[in-house]
Amino acid sequence: MLLIICDTIARLDKTLYMKRTIILSTVALAMAACCNQPKFDGPTYLNPNAPVEDRVEDALARMTTKEKVGMTTAQSKFSSRGVPRLGIPEVWHTDGPHGIRPEVLWDEWDQAGWTNDSCTAFPALINLAATWDKEMSLLYGTSIGEEARYRKKDILLGPGVNICRTPYNGRNFEYMGEDPFLSGKMVVPYVQGVQKNGVAACVKHFAVNNQEFQRTQSNSVVDDRTLHEIYLPAFKAAVQEGGAWAIMGSYNLYNGQYNCHNKKLLVDILKGEWGFDGVVVSDWGGCRDSEEAIKNGLDIEMGTWTNGLRGAASDSYRNYHMADPYLKGIKEGKYTTKELDDKVRRILRTIFRTSMRPEPNYGRFVCPEHYKAARDIADAGVVLLKNEDHTLPLDVKEGGKILLVGENAVKKMVVGGGSSNLKTAYEITPLEGLQNAFAGKADVKWVRGYVGDTSTSYNLVDTGQDLTDHRSAKTLIAEAVKEAKDADYVIFVGGLNKSNHQDNEGTDRVQLDMPYGQENVIRALAEVAKKLVVVNISGSPVSMPWADVADAIVQGWYGGTESGNALADVLTGRINPSGKMPFTVPFKYEDGPIKTERQYPGIKEEGDEYWQTYYDEGVYVGYRWYEAKDIPVQWPFGHGLSYTTFEFGDAHADKRAIKADGQITITVPVTNTGDREGAEVVQLYIADPVASIDRPVKELKGFEKVFLKPGETRTVKFTLKSDALSFYSIEKHGWVAEPGEFEVLIGPSSQDIRSTTKFTLK
């Protein structure tokens, strides 16, 4: 044990972690010693075999009021206080959810200058959602949880499950798409994977946080039905099915109250209705009021404005809303310790589940297993949108030529994007991936095509690239056209990046089309290319008015460390694509549900303190809107092609009718009718054609990814209960499943239904 601790100390920055390491070492040795004794004679809270609640109550009883208050507030950029006197360690937070953030200085966002904090960059969460694969989600959570534990992090600030309400939201790439059921089913194994490593998954941003524009001054005005049907289900699943240990409040307001201390969200719903026993953490600087924070469910206040090591009292952590003002209020009799004890219980519970858990876990970091996991997840999320005349997979004879065009073919995407910014051990670009795949077989060449964002650093993390190019758009297009004429394949790699007003925290997008004049490049290439493949890299929907001129279109994502290799895997056919779209791509923004300024970005009328954002579209988000209004879309929700073909047989229900407390099993055979193995996502939608309220045409209520060899048939089974048939009733303040006939619709996308059946709810 001493050798392990010493080795760990050697790897850590001693100026930041010495105090915590000493505390953890003392506790670890005490626990190790007691495990060899037939009876534990020390305090209960240090007994690793004692029930967590017993440990919590014992520790709580030994703490002073000042020590309790101290635990509710940050002490550095990414840590909150422990109780050194009792050997209770501080809590260390880290940004995620795509990788473990590089270490920063104690009170600053500047890098700490470590040489051993280059992490594995996992794909963006929208890439994970595109896999439609719960096993991949478990692999993701397990892998990133191991990296967090190795770095001695207790709370991972992720995953994000906010709904893609508008394609303009700058943080859509950090979330899991437009559908609450898909997000809910994908978040559960992620949370479970993280937490089995003794790291708390902090699910964010709770709740109705769907834009970056005026994110700290935007009041989301949402009716109860929409709130419960669209914006809360994924959070509820994370808590009740995933057992999440932490929740992060969002910056915005809901119904006029800031969400980091919103009574309805945190007290009534989260801790009341859902029975959440974990810790609520504020977004950094999201706490705005001492009394509301104390009474309305916030447990740990984190923030950004400090100079806690050197500054005056007015500029320190002790001046946070839940620090000295809280302690002063207790001393003056303004507050009791009832709320305080509840907060500290939750914090202690988190500590006993993480750094002081019974089973030691040291994790692992930047290892081959994690690189493989990152590649496998990226592989599984790539979506083949179009493939005319079997353009893909690439079929290049020895000595052939492949031309890559576009800045995104070489631009490293792990850097930037806001709090998801990472310093990675390495990052394979699309150009490098294809060069690796065709080494010694074909010439893979790259030309610029367009100039986008030439910045290569963010928050002092630098890729080392030089993307400077001062040539005109006309010159760049001419060069690309010239090189394209004799290429066997032209692959345009473009889309978005992580710059301001694209996929980026803090700003929203300003257009649905590709920026930087990329459409002009694509159309020029189409005039001369023998075969044109377009790869769109983005974390949000991008319109494609040029789609008809491309022979094949691939939706890529921010794939992390192994991004380029994963893309090459799919383009070459080493991996048969199986990703499905987690959001709808409209032909144009105006086709979508956001029609007015009051819906987005919101309005600020005279006398208003905040921007008012009205969710007037109600439950009609994503495919629900387009199908209700019968509006054609470019790529429907759930769409994704394969290099093989699948046939769906007749759906069968095991009974014709069920009672409200019953369940029904739906089966459907699926056959691989092609000549290569592949995976299909079998999607089940429910329709309620006759209802007392207006309901969507259909809603996703089940999905399974099945892997099939050529000629193989597998029967896919779904079990449905009344909750799959329910809507939230504003009048009854709860879920209602109305008796009547329901339709079951099964297929490979929301608009490609291959098999149907019906049953009745009595």
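The values are calculated or read from the model by the stated rules, or taken from the named source; none is laboratory data. Remember, it's a predicted structure, so these values are computed and weren't measured experimentally. Note: ideal-geometry Cβ built from the backbone for every residue, glycine included; neighbour counts use all protein chains shown.
Quick notes on this structure:
- Extreme residue, nearest to Arg349 (Cα to Cα), among residues of region 137-158 that are hydrophobic (A, V, I, L, M, F, W, C) and crowded, with 24+ Cβ neighbours inside 10 Å: Ile155
- Output for region 251-303, where each listed residue is hydroxyl-bearing (Ser, Thr, Tyr) and within 20 Å of Lys334 (Cα to Cα): Ser290
- Residue ID - farthest from Val366 (Cα to Cα), chosen from residues in region 556-600 that are out of contact with any Asp or Glu (no Cβ under 7 Å at 6 or more places or on another chain) and among the acidic types (Asp, Glu): Glu597
- Across region 112-126, not a single residue is classified as surrounded by fewer than 24 Cβ atoms within 10 Å (Cβ to Cβ) and in a helix (DSSP H, G or I).
- Residues within region 716-758 that are in a strand (DSSP E or B), more than 31 Å from the chain's Cα centre (by Cα) and surrounded by fewer than 19 Cβ atoms within 10 Å (Cβ to Cβ), tallied: 6
- The strands (runs of 3 or more DSSP E) located wholly in region 162-280 that include 1 or more residues which are charged (D, E, K, R), closer than 27 Å to Thr350 by Cβ and touching a residue at least 40 places away in the same chain (Cβ under 8 Å) occupy 200-206.
- For region 221-230, the count of residues that are surrounded by fewer than 24 Cβ atoms within 10 Å (Cβ to Cβ) and closer than 29 Å to Leu327 by Cα is zero.
- When residues of region 681-701 are limited to those that are β-branched (Val, Ile, Thr) and in contact with a Lys or Arg (Cβ under 6 Å, 6 or more places away or on another chain), the one farthest from Ala653 (Cα to Cα): Val681
- Taken over region 472-499, residues that are surrounded by 15 or more Cβ atoms within 10 Å (Cβ to Cβ) and farther than 18 Å from Gln555 by Cα amount to 10.
- Residues of region 600-633 classified as over 24 Å from the mean Cα position of the chain (by Cα) and either farther than 19 Å from Ile230 by Cα or surrounded by fewer than 19 Cβ atoms within 10 Å (Cβ to Cβ) (or both), total: 19
- Search result, residues across region 65-88 that are touching a strand residue (DSSP E or B) at 6+ places or on another chain (Cβ under 9 Å) and assigned to a loop (DSSP other than H, G, I, E, B): Met71, Thr72, Lys77, Phe78, Arg81, Gly82
- Any chance Leu422 is in contact with a Pro (Cβ under 8 Å, 6 or more places away or on another chain) and either under 30 Å from Lys397 (Cα atoms) or not hydroxyl-bearing (Ser, Thr, Tyr) (or both): yes
- Any hit, region 146-162, residues being more than 25 Å from Phe78 (Cα to Cα) and under 17 Å from the mean Cα position of the chain (by Cα): no
- Condition met for Val521 (in a strand (DSSP E or B), of a type outside the set (Phe, Trp, Tyr), at negative phi and not assigned by TED's automatic domain parsing to the domain that holds Glu212): no
- From Asp675, Asp654, residue being closer than 20 Å to Ile575 by Cβ and exposed (fewer than 14 other Cβ atoms within 10 Å of the Cβ): Asp675
- Counting the residues of region 326-383 that are β-branched (Val, Ile, Thr), closer than 21 Å to Val191 by Cβ and in contact with a Leu (Cβ under 8 Å, 6 or more places away or on another chain) gives 1.
- For the condition modelled with pLDDT under 95, surrounded by 22 or more Cβ atoms within 10 Å (Cβ to Cβ) and closer than 29 Å to Glu174 by Cβ, Ser420 qualifies.
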